[in-house]
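Participant: Quick one: this structure, given as structure tokens, is what I'll be asking you about.
The values are calculated or read from the model by the stated rules, or taken from the named source; none is laboratory data. Since the model is a prediction, treat every value here as computed from it, not as a measurement. Don't worry about glycine lacking a Cβ; one is built from the backbone with ideal geometry, like all the others, and counts go over all protein chains shown. SASA here: full protein model, heavy atoms, side chains in, ligands and nucleic acids out. Shrake-Rupley method; radii C 1.70, N 1.55, O 1.52, S 1.80 Å.
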Amino acid sequence: MRKLTVPTLLLAITGVIVFMSHQEYIDLYIQSVIMFMGVNIILSSSFNIVNGYMGEFACGHAGFMAVGAYVTSVINVMLFTDDKVFGAALLPPEMAVYLFPFTLLIGGAAAAVAGVLVAIPSFKTRDDYLAIITIAANFIIISTIINIDKIGGARGFMGMKKVLFAMGDSYDIPWILLWVIVFTFGTVFIIRRYVTSTYGKGIIAIKQDEVAAEIMSVNTNKMKLVAFMLSSGLAGIAGGLFAHILGYINPNSFGILKSTECLVMVYLGGMGSLSGSVISAILFTLLLESLRFIIPWMNTAMHYMHLLPDSYELSQVWKWVIIPLILILLMQFRPEGIMGNRELSDIFPKLKKFYSFK
């Protein structure tokens, strides 16, 4: 019996999801949940490179997501749409179908370059000091975007839906869903290959003992630079996808609260576990979606019991009470997360027999 390979399985999953979405067996809401799961998987697994495998303590992942979101969005709007700020489209809108993945990669490359802002200071700092630097980098990026009026400034930026409509006019399939799935699988594949490579072993050595790693001829500065740039670049790709899912982005969407979401997902899944990052991203997305239904129910119940004034309503802001609370509870009762530093194949060894990347 021929062994089932991972690429074959992933291709089948992608085909089934896209077909069912195109035939409207999966409604738009479920599609959006799947897409946000994909974006969160990319964010969680990429952040795990630095905070998990390398053992650093970074807190500004959303800043690099913002770079990718804005760079990808601006390029696509300039190239494929008629815009009152950037003028007529530079290329026919039909070309968006073929060039969209490349503009996403350009956004990721821009975010990777921005990651150097954090990578270079990391050569001399660790732990709390690096956390302060990454938070500062997050604020620098957001403040820079706010002060660039041509891309909307504090008002935000829109126009990405026109790009999706142009892609849909060429071939009527859910393009953004397709690209989210493709880049999510691609991200997991790249990170898996990376952490099992020489570079991956190098960053794990840095986590264990940086001085000992240097003595054993590990170029720690180079390893850190590559790790930060890869992590930031993948976050930029997630940002580009996020921007096109919503069709509108605002600088405040990429503040410290978004970085806190990334932290929760990494620590929930387990530091140094790629499987944990995927599982935690899925669970975290489902938790956030459940709050859309729980909070209105809480409003009704608390008004009925006269625990709230009639004019007062609990809002979605309460999720920023729940999310930090999850982080606190994790640190107190299960600091290793769901998976610890293990993978699914460590728990279920038979997975190694049936699935391979060959």
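Participant: If you check Leu105, Leu79, Leu90, Leu117, which single one turns out to be closer than 30 Å to Leu286 by Cβ, open to solvent by 20 Å² or more (accessible area, probe 1.4 Å) and not polar (S, T, N, Q)?
Facilitator: The match here is Leu105.
Participant: Something else now. Could you run through region 240-262 and say how many residues are modelled with pLDDT of 90 or more, of a type in the set (A, V, I, L, M) and open to solvent by 10 Å² or more (accessible area, probe 1.4 Å)?
Facilitator: Summing the residues that are modelled with pLDDT of 90 or more, of a type in the set (A, V, I, L, M) and open to solvent by 10 Å² or more (accessible area, probe 1.4 Å) in region 240-262 gives 2.
Every residue, every condition in (1) touching a Ser or Thr at 6+ places or on another chain (Cβ under 6 Å); (2) modelled with pLDDT of 90 or more, yes or no:
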| site | (1), (2) |
| --- | --- |
| Thr125 | no, no |
| Ala131 | no, no |
| Ile140 | no, yes |
| Ile146 | no, yes |
| Lys150 | no, no |
| Gly159 | yes, no |
| Phe165 | no, no |
| Gly168 | no, no |
| Asp172 | no, no |
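Participant: Among (1) touching a residue at least 60 places away in the same chain (Cβ under 8 Å); (2) part of a helix (DSSP H, G or I), there is one condition Gly272 misses while meeting the rest; what is its number?
Facilitator: Exception for Gly272: condition (2).
Participant: Let me ask you something else. Restricting region 309-340 to residues that are of a type in the set (S, T, N, Q) and at pLDDT below 80, which is surrounded by the fewest Cβ atoms within 10 Å (Cβ to Cβ)?
Facilitator: Result: Ser311.
Participant: Pick from Ile34, Ile75: which is of a type in the set (Val, Ile, Thr), assigned to a helix (DSSP H, G or I), farther than 30 Å from Ser290 by Cα and modelled with pLDDT of 90 or more?
Facilitator: Selected residue: Ile75, the only one of Ile34, Ile75 that is of a type in the set (Val, Ile, Thr), assigned to a helix (DSSP H, G or I), farther than 30 Å from Ser290 by Cα and modelled with pLDDT of 90 or more.
Participant: Further, regarding this structure: Quick test of your reading of the structure: Phe57 fulfils all but one of (1) open to solvent by 10 Å² or more (accessible area, probe 1.4 Å); (2) within 21 Å of the chain's Cα centre (by Cα); (3) modelled with pLDDT of 90 or more. Name the failing condition by number.
Facilitator: (3)
Participant: For region 260-286, which residues satisfy the criterion of being among the small types (Gly, Ala, Ser) and over 12 Å from Ile41 (Cα atoms)?
Facilitator: The answer is Gly270, Gly272, Ser273.
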